[in-house]
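> Take this structure first; my questions come after.
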Amino acid sequence: MSAQPQTGVKTSGRWQPAVTTDPMLHKHGALGHPVSRIDGPLKVQGKARFAAEFPYENISYAALAYSSIARGRITSLDLVAAESAPGVILVMTYHNAPRMKAPSLMMSSPTAAGSSDLPVMQNDEIHWNGQPIALVLAETQEQADYAASLVKVAYASLPAVLSFEEAKKTPRQLETLLGQPPLLEIGDAETALANAAVKVDVTYRTPRHNHNAIELHAATVAWNGDELHLHDASQLLDLTAGQLGDIFGLEPDKVRVTSPYVGGGFGGKCLWDHQILAIAASKMAGRPVRIMLSREGVFRIVGGRTVTEQRVALGASSDGKLEALIHTGTAAMTPHNSCPEQFTFPARHLYAAKTFKLEQDVADMDMLVNTFMRAPGESVGTFALECALDELAEQLKLDPIELRRRIEPEKDPTTGKPFSSRFLIEAYENGAERFGWQNRSETPRQKREGEWLIGMGCATATYPYHRFPGGAARIRLTVEGHVTVSTAVHDMGMGTATAQAQHIAARLGVPFENVTFEYGDSSLPRGVIAGGSTQTASIGGAVIAATEVFVEELVKLAGNDSPLAGLSLADVEPRDGGLGHRDNADRFESYQSILSRAGRDELVCEADAPAPAEMEVFSMHSYGAQFCEVRVSAITGEIRVSRFLGSYDAGQILNSKTAISQFKGGIVMGIGLALTEETNFDERTGRVVNASLAEYHVPVQMDVPAIDIIYTNKPDPQAPMGARGIGEIGITGVGAAVANAVYNATGIRIRDLPITLDKVMVAPEA
Ligand code: MOS
């Protein structure tokens, strides 16, 4: 098998996929092959150690007490009962907590990883209902939990903004929408809408969602003198290490954050108060500390998706071309975070229209900061946009897929950039055929089996391609032929290590079994975050750069006594466990031979990924078509997703098993978004009142049908390895596909999520 080193990137900006040919798929470990996760056996045997599972001599256990008002000051703290409870080592409050610098916000400074820039336990101020007011450290978890319940506190409350309806009356304009202008206007969209032959102008609402990864947020803290080791559950190791250095005034080489296994991330496994507080308490007590939030604790101090209200107005000509595309609205935020829920992003690139008006602002509220949660922006933005397109298709008497065909753009409709690779219509066509879309009745409420009304819906899925600069990779080759590639990245269960081992095997031409991918430790070469579906491409960029150095070093080592003698870098390629001439099968020398002739035990090379120039030139996105069939009880309003198919166009798929698992996981989360998930925020008190998995329903086995996944597998010529991100796209479009199916089944348009049975029970009996 032949793997090509990356050679063109510096001159043409083009990446060459390592290996993309399907005939290779039968070979274990080849790119695309459904290799089972290499961390799987460790996990099922209980041998994978998660953040809260590291044993230390003399370890102590932390528990938090949380504020019960939304805004104000602490006027008194009575700690007598807590401090004298059995096993208590210390009670930390703002009175005795060490002085710590406030975190800086994620994406606002090079070292930032903070989800909030509020100071942590430094003064008497309360900013949200649920803010930690005390940390109890005890000999056992049970003792800590009990003592935390004995903390007595009195407050002076201040007026708080707790109603979204009130808050959005005085919206705050954003300075930037994650680097994009918050207002994008092309032409006069309102006038074009007013003059359009066919129009839809509707408002959609989406609620708050909470992070509910299976692994609770947890950390184990161990100080060794002035050196800090944090065992974390993290999707941003290096940013966390940098931020902790800032907060505690430590030199970068004194902070090590490790996170080899994470039980689900989704945007929530970042730096929150609990790690900072546990580190401070460990310093005070002089003992290692374990902290694991309760499920309620996650609801209190780990932010989630925020509430939105979105207007989508579409004006079309009678032949189904868009005259106006308007998507505007408001998301709730606090002044202390940086996640604006960019729901207008999909409308910026998905469809051709003559005029655009895309604008969003925020309503500031006194609440826990909102944050990134799987496809922030796109997941709720596609709900509004893709439902509105379904409404427009109905008015035009067009099949919804035919409408997408008529508004398919040739280039990015708002930036004018060429698409790097886009096969959305093909994804629709493949999906429609396999799902049996032709059996859908164009008129709603036509199919019924007993009490069950049956309908189908579809919607576009989309998520941007992004590659973060700044990552590095180190390749170490031993004379025995084993390759270890190291970089401080993350595998939260999505298969990073497995897919990268496949990529490295293909690129260096070594057997999959000879590759170790080392990650999860901030002391490794600098890594990128696992977020924004960017990590795979970002690692790929660094590995490709390191491969170039690796080949260069090997050619030097090979020297003049090699079959490779006299060949230039452009002539050679890694293959079959060595280097060979691209066009001459006979000119080849194995890695083992090159190293042993040079008297070397190993070769170590490191390189930084090149700047992500591809994104400046091209409009790069993953696409998909989501197909849903629902059954809705005409009697009780019960809604069951009976079939689901996701058809994706996400570039080269590196591992079909882990990729399908990512797509399915996104769809499952999307079914929760569509039907059941809602954080109930009490607007009188600012309290989250359903802070448990009993009252916040994430989809379980009985809520999820067998899910069918297909993909185009067309390598993106601009992406390293040809692969775009796949972690988040699965959730996008699902809310709309379900809502459109519910409409097709019942004739009722539900424009506010979740689609609970009370909303369809008002159905007129057919
Ligand atoms: Mo994702 S919301 O970038 O983990």
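The values are calculated or read from the model by the stated rules, or taken from the named source; none is laboratory data. Since this is a predicted model, take the numbers as computed values, not measurements. Backbone-built Cβ (ideal geometry, glycine too); neighbour counts: all protein chains shown. For accessibility, only protein heavy atoms count, side chains too; no ligands or nucleic acids. Shrake-Rupley method; radii C 1.70, N 1.55, O 1.52, S 1.80 Å.
> For the peptides 430-443, 275-288, what is the packing order when you average, over each peptide's residues, the other Cβ atoms within 10 Å and list the highest mean first?
Sorting 430-443, 275-288 by mean packing, highest first, produces 275-288, 430-443.
> Would you kindly derive the ³J(HN,Hα) couplings of the stretch 584-594 from the backbone phi angles with the Karplus curve 6.51 cos²θ - 1.76 cosθ + 1.60 (θ = phi - 60°), listing them in order in whole Hz, with x for Gly and Pro?
Rounded to whole hertz, the list is 9, 4, 7, 8, 7, 9, 6, 4, 4, 5, 4.
> Take residue 417 and residue 703, extend 7 Å from each Cα along the Cα→Cβ direction, and tell me the distance between the two endpoints in nm.
A separation of 3.6 nm, rounded to one decimal place.
> Calculated FRET efficiency, residue 49 and residue 78, Cβ-Cβ r, R0 30 Å, to nearest 0.05?
Details: r = 39 Å, r/R0 = 1.29.
That gives a FRET efficiency of 0.20.
> What ranking, highest mean first, results for peptides 492-499, 520-527 when packing means the other Cβ atoms within 10 Å averaged over each residue?
Put in order of decreasing packing, that is 492-499, 520-527.
> Then there's this: Provide the gained length on full extension for the span residue 604 to residue 402, in nm with one decimal, where the gain is 0.36 nm per separating residue minus the Cα-Cα distance.
Result for the pair: 67.3 nm of gain on full extension.
> Over the stretch 119-250, with every protein chain in place, what whole percent of the accessible area is carbon and sulfur at 1.4 Å, could you tell me?
Answer for the stretch 119-250 is 52 percent, counting heavy atoms of protein chains only.
> A further question on this structure: Report, to two decimal places, the Cα Rg of the chain normalised by 2.2 N^0.38 Å (N = number of residues). Walk me through the numbers before you get to the answer.
Working: Rg = 27.1 Å, N = 766, 2.2 N^0.38 = 27.4 Å.
Normalised Cα radius of gyration, the chain: 0.99.
> Let me ask you something else. Using 0.36 nm per residue of separation minus the Cα-Cα distance, give me the extension gain between residue 581 and residue 122 in nm, one decimal.
158.9 nm
> Ignoring ligands, DNA and RNA, what percent of the accessible area of the stretch 403-508 is carbon or sulfur (1.4 Å)?
Numbers: 1710 of 3700 Å².
Here it works out to 46 percent.
> Something else: Relative contact order of the stretch 609-766: what whole-number percent is it, with Cα pairs under 8 angstrom and at least 6 residues apart?
34
> Here's a follow-up. Between residue 596 and residue 749, what FRET efficiency comes out of the Förster formula 1/(1 + (r/R0)^6) with R0 = 60 Å and r the beta carbon distance, rounded to 0.05?
On the way: r = 71 Å, r/R0 = 1.19.
The calculated FRET efficiency here is 0.25.
> So how far apart, in nm, are the two label points at residue 172 and residue 201 if each is 7 Å from Cα heading toward Cβ?
Here the answer is 3.0 nm between the modelled labels.
> Any chance you could run the full-extension gain for residue 446 through residue 99? It's 0.36 nm times the residue separation minus the Cα-Cα distance, nm to one decimal.
Length difference between fully extended and current span is 118.3 nm.
> Using a Förster distance of 30 Å, how high is the FRET efficiency between residue 553 and residue 27, based on the Cβ-Cβ distance and rounded to 0.05?
Details: r = 27 Å, r/R0 = 0.91.
With R0 = 30 Å, the Cβ-Cβ based efficiency is 0.65.
> Using the heavy atoms of the protein chains and a 1.4 angstrom probe, tell me the accessible area per residue for the stretch 469-611 in square angstrom.
Ligands and nucleic acids excluded, the figure is 34 Å² per residue.
> Karplus couplings for the stretch 698-707 from phi (6.51 cos²θ - 1.76 cosθ + 1.60, θ = phi - 60°), rounded to Hz, Gly and Pro as x?
8, x, 10, 3, 6, 8, 10, x, 4, 10
> Related question: Among the aspartates and glutamates, which have Cα under 16 Å from the Cα of residue 168 when same-chain residues fewer than 8 positions away are ignored?
309, 341, 359, 361, 364, 366, 683
> While we're looking at this one, here's another question. How about residue 254: which lysines have a C-alpha closer than 21 Å to its C-alpha, ignoring those fewer than 8 places off in the same chain?
101, 283
> Using alpha carbons only, how many angstrom separate the centre of the stretch 49-86 from the centre of the stretch 336-358?
Here the two parts' Cα centres lie 42 Å apart.
> Of all DSSP beta bridges located in the chain, what percent are antiparallel, nearest 5?
Roughly 75 percent of the DSSP beta bridges within the chain come out antiparallel.
> What are the residues whose amide H is under 5 Å from the amide H of residue 71, where those residues sit 5 or more places off or on another chain and H is modelled from the backbone?
For residue 71, whose amide H was placed from the backbone, the distant partners under 5 Å are 158.
> Still on this model: Under the Karplus relation 6.51 cos²θ - 1.76 cosθ + 1.60, θ = phi - 60°, what is the ordered set of whole-Hz ³J(HN,Hα) values for the stretch 59-75, x standing for Gly and Pro?
Each residue of the stretch 59-75 in turn: 5, 10, 10, 10, 9, 10, 10, 10, 5, 10, 10, 8, 7, x, 10, 7, 9 Hz.
> Along the Cα-to-C-beta direction of residue 157, a point sits 7 Å from the Cα; which residues of the stretch 336-375 have their amide N less than 20 Å from that point?
Those under the cut-off are 365-369.
> Please list 95, 336, 349, 28 in order of solvent-accessible area, largest first, computed with a 1.4 Å probe with all protein chains present.
Values: 95 125, 336 55, 349 10, 28 90 Å².
Descending order: 95, 28, 336, 349.
> Under a 5 Å amide H to amide H cut-off, with H placed in plane at 1.01 Å, what residues pair with residue 133 once short-range neighbours are removed?
65, 66, 67
> Moving to a separate point now. 5 Å is the cut-off here: which amide hydrogens, built 1.01 Å from N in the peptide plane, fall below it relative to residue 622, excluding neighbours closer than 5 in sequence?
HN-HN under 5 Å from residue 622: 463, 465.
> Suppose all protein chains stay in the model; what accessible area per residue would a 1.4 Å probe give for the stretch 214-304, in Å²?
Per residue, the stretch 214-304 has an accessible area of 28 Å².
> Where does the charge balance sit around residue 257 when Lys and Arg score +1, Asp and Glu -1, over other residues with C-beta under 9 Å from its C-beta?
-2
> Okay, moving on. Cβ neighbours within 10 Å, averaged per peptide: list 311-318, 247-254 in order, most packed at the top.
My ranking of the peptides, most packed first, is 311-318, 247-254.
> Could you report the stretch 653-766's accessible area per residue, 1.4 Å probe, as an integer in Å²?
On a per-residue basis, the stretch 653-766 sits at 35 Å².
> When the helices in the chain are scored as -39500 (n - 2.57) per DSSP H run of 4 or longer and the sum is shared across all residues, what 222 nm value do you end up with, to the nearest 500 deg cm²/dmol?
Here the helix-only value at 222 nm equals -7000 deg cm²/dmol.
> Using alpha-carbon pairs under 8 Å, 6+ residues apart, how would you state the relative contact order of the chain in percent?
Reported relative contact order: 18 percent.
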